[in-house]
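The values are calculated or read from the model by the stated rules, or taken from the named source; none is laboratory data. Keep in mind the model is a prediction, meaning the values are calculated, not measured. Cβ coordinates were reconstructed from backbone atoms using ideal geometry, including for glycine residues, and neighbour counts include every protein chain displayed. Note: accessible area is taken over every heavy atom of the protein model, side chains too, but ligands, DNA and RNA are not part of it. Shrake-Rupley method; radii C 1.70, N 1.55, O 1.52, S 1.80 Å.
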Amino acid sequence: KRADMNTLYNTEPNDIPTLLIVEDDISVAEGLSDILTGYQYQVFHTERTADTMDFLEHQKTDLIILDVHLDGENGYELCKKIRELWDIPILYLTGCSSEMELVRGFQSGGDDYMTKPFRMQELIVRIQALLRRSAMQKNHLRKSGNLTYDRERKILKNNQGTGTLDLTVTELKLAEILIENYPRTLTREELMFGVWDRDGMFVSANTLNVNISRLREKLGIFDGKPYIETLRGIGYRWAIPVRR
């Protein structure tokens, strides 16, 4: 199934893994799509960088199969762009077989690398392994609005353009506590002791307010609302639904 950029993408929940083939050779893409569909995958196809980025912004994608040469465009550069915004597994499937090309593929952010011609059963096994690993990693992710918090790597990312947010240690701790306790409102005392531990008793309310203000500014807004809500006289709560 080729991605039709003139229609709405499917955004409904779907248990069938979704694969995106990025390949400028139509016959190769269609042949591969037919085979993968037979293995019960939902398969889409794009040919160029712009279409691929547009597709990923609108459609849930579990794995990307990426060629290196895309009608004059560079698959390595596309991989880097994807990596700035999403943690989707990327499998290179290409005719470039030199060791240097393989190393470049991994350095650009690829998760696996296969060369053409390839054995179909091996490709399926590698796809399954990448999807399995990705599913395990997602247990560490918290998604809220345009943000994704990775509990294991301790990073907060904006999925719509700015990549990993440049937060101080204190700001990151505040974000983590608020996200993990959604939708509960946390008192100022809870936040101060949660972020500064025992030193919380020596931290002024103004210090907390300043850090919350700076964090809120860095997070931005979602659908016209700030991510952190102030409940006067009580404390703060994470205001945008968190998906686990």
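Numerical summary
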read-out: Sequence ranges 118-126, 84-92, ranked by mean other-Cβ count within 10 angstrom, highest first; value: 84-92, 118-126
read-out: Percent of beta bridges antiparallel (DSSP, the chain, rounded to nearest 5); value: 55 percent
read-out: For the chain, alpha-carbon Rg and Dmax in angstrom; value: 21.3, 67
read-out: Euclidean distance of C-alpha centroids, region 75-150 and region 193-244, integer Å; value: 35 Å
read-out: Listed residue pairs exceeding 18 Å between alpha carbons, taken from LYS173/LYS218; LYS81/LYS218; LYS80/LYS116; LYS143/LYS173; LYS157/LYS218; LYS143/LYS225; value: LYS81/LYS218; LYS80/LYS116
read-out: Protein-only accessible surface order, largest first, of VAL195, VAL103, VAL169 at 1.4 Å; value: VAL169, VAL103, VAL195
read-out: Whole-number accessible area per residue in Å² for the chain, which is evaluated in the context of all protein chains at 1.4 Å; value: 54 Å²
read-out: Solvent-accessible surface ranking, highest first, for LYS143, LYS225 at 1.4 angstrom; value: LYS225, LYS143
read-out: Region 128-244, relative contact order in percent, only Cα pairs under 8 angstrom and at least six apart counted; value: 28 percent
read-out: Proximal charge balance of ASN159 [Cβ under 11 Å; K/R count +1, D/E count -1]; value: -1
